[in-house]
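Written below as structure tokens is the structure these notes are about.
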Amino acid sequence: MNQLVQREEFEKYRKIKLLGEGSFGKAYLIERMSDGLMCVMKVIDIGRMSESEKKETLQEAKIIEHMQHPNIVKFIETFKTKKGKLCIVMDYADGGDIADRIKGQKGRPFSENQILDWFTQMCLGMKHVHDRKIIHRDIKGANVFLTKKGIV
């Protein structure tokens, strides 16, 4: 990670659609051209950041790279673009996020078993993070992703 590869944003990937936008960048659904794997690419414009913000962002990418747990989205790769953007590629959770699931319920409650299942998986993922002396800082429904099989 000390020496990031530099290339074009979507050199090895095909952009499918924009998934979301935040204060620091955008998240795209992409397809890896070599094998058709669906992924998410976070594209962060580090060109306009201060040196301390850049250092923090690169450190965060390095931390994500070392998180390996069934209940944490899998890291695939990180690279810089020639236009000064940091790209972080991760597995795509094809079941959406818990915030969208809650909206989709339209006021109907989830079963107790469903809530306990998701809660247990979230706790296991967070335990993995906390065991490494890392604090998440932005736990919310929109940041809890699911697979179609119900894995957090």
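The values are calculated or read from the model by the stated rules, or taken from the named source; none is laboratory data. Remember, it's a predicted structure, so these values are computed and weren't measured experimentally. Neighbour counts run over all protein chains shown; Cβ positions are idealised from the backbone, glycine included. When the accessible area is computed, the model is the full protein with side chains, heavy atoms only, and any ligands, DNA or RNA have been set aside. Shrake-Rupley method; radii C 1.70, N 1.55, O 1.52, S 1.80 Å.
If I filter segment 2-45 down to residues being small (Gly, Ala, Ser) and open to solvent by 40 Å² or more (accessible area, probe 1.4 Å), which single residue comes out as modelled with the lowest pLDDT? Spell out how you get there, then give the answer.
So in segment 2-45, the residues small (Gly, Ala, Ser) come out as 20, 22-23, 25, 27, 34, 36.
When the remaining residues are screened for being open to solvent by 40 Å² or more (accessible area, probe 1.4 Å), the result is 22-23, 34.
Values: GLY22: 80, SER23: 75, SER34: 94.
Ranking the qualifying residues of segment 2-45, first place goes to SER23.
All but one of (1) part of a loop (DSSP other than H, G, I, E, B); (2) charged (D, E, K, R); (3) open to solvent by 80 Å² or more (accessible area, probe 1.4 Å); (4) more than 16 Å from GLU8 (Cα to Cα) hold for LYS83; which doesn't?
(4)
Being outside any helix (DSSP H, G or I), small (Gly, Ala, Ser) and either at pLDDT 95 or above or open to solvent by 40 Å² or more (accessible area, probe 1.4 Å) (or both) is true for just one of GLY125, GLY107. Which residue is that? Working first, answer last.
Numbers: GLY125 fails: outside any helix (DSSP H, G or I).
It is GLY107.
Please go through segment 110-122 and pick out each residue that is surrounded by 14 or more Cβ atoms within 10 Å (Cβ to Cβ) and closer than 16 Å to HIS69 by Cβ. Spell out the reasoning first.
First, the residues of segment 110-122 that are surrounded by 14 or more Cβ atoms within 10 Å (Cβ to Cβ): 110, 117-118, 121-122.
Scanning segment 110-122 gives TRP118, GLN121, MET122.
Suppose we keep only residues that are under 13 Å from the mean Cα position of the chain (by Cα) and buried (at least 18 other Cβ atoms within 10 Å of the Cβ) within segment 86-95. Which one would you say is farthest from HIS128 (Cα to Cα)?
Let us first name the residues in segment 86-95 that are under 13 Å from the mean Cα position of the chain (by Cα), namely 87-94.
Remaining after also requiring buried (at least 18 other Cβ atoms within 10 Å of the Cβ): 87-90, 92-93.
Values: CYS87: 24, ILE88: 20, VAL89: 21, MET90: 18, TYR92: 20, ALA93: 19 Å.
Selected residue: CYS87.
From the residues in segment 133-152 that are aliphatic (A, V, I, L, M) and closer than 17 Å to LYS103 by Cα, which one is least open to solvent (accessible area, probe 1.4 Å)?
Filtering segment 133-152 down to residues aliphatic (A, V, I, L, M) leaves 134-135, 139, 142, 144, 146, 151-152.
Then keep just the ones that are closer than 17 Å to LYS103 by Cα; that gives 142, 144, 146.
Details: ALA142: 43, VAL144: 18, LEU146: 1 Å².
Per the stated criteria, the residue is LEU146.
Just give me the residues in segment 34-70 being more than 12 Å from the chain's Cα centre (by Cα), in a loop (DSSP other than H, G, I, E, B) and closer than 25 Å to HIS128 by Cα, in sequence order.
HIS66, GLN68, HIS69, PRO70
Exactly one condition in (1) assigned to a helix (DSSP H, G or I); (2) farther than 29 Å from ARG14 by Cβ; (3) in contact (Cβ under 8 Å) with a residue 60 or more places away in the chain is not met by ILE134; state its number.
Answer for ILE134: the failing condition is (1).
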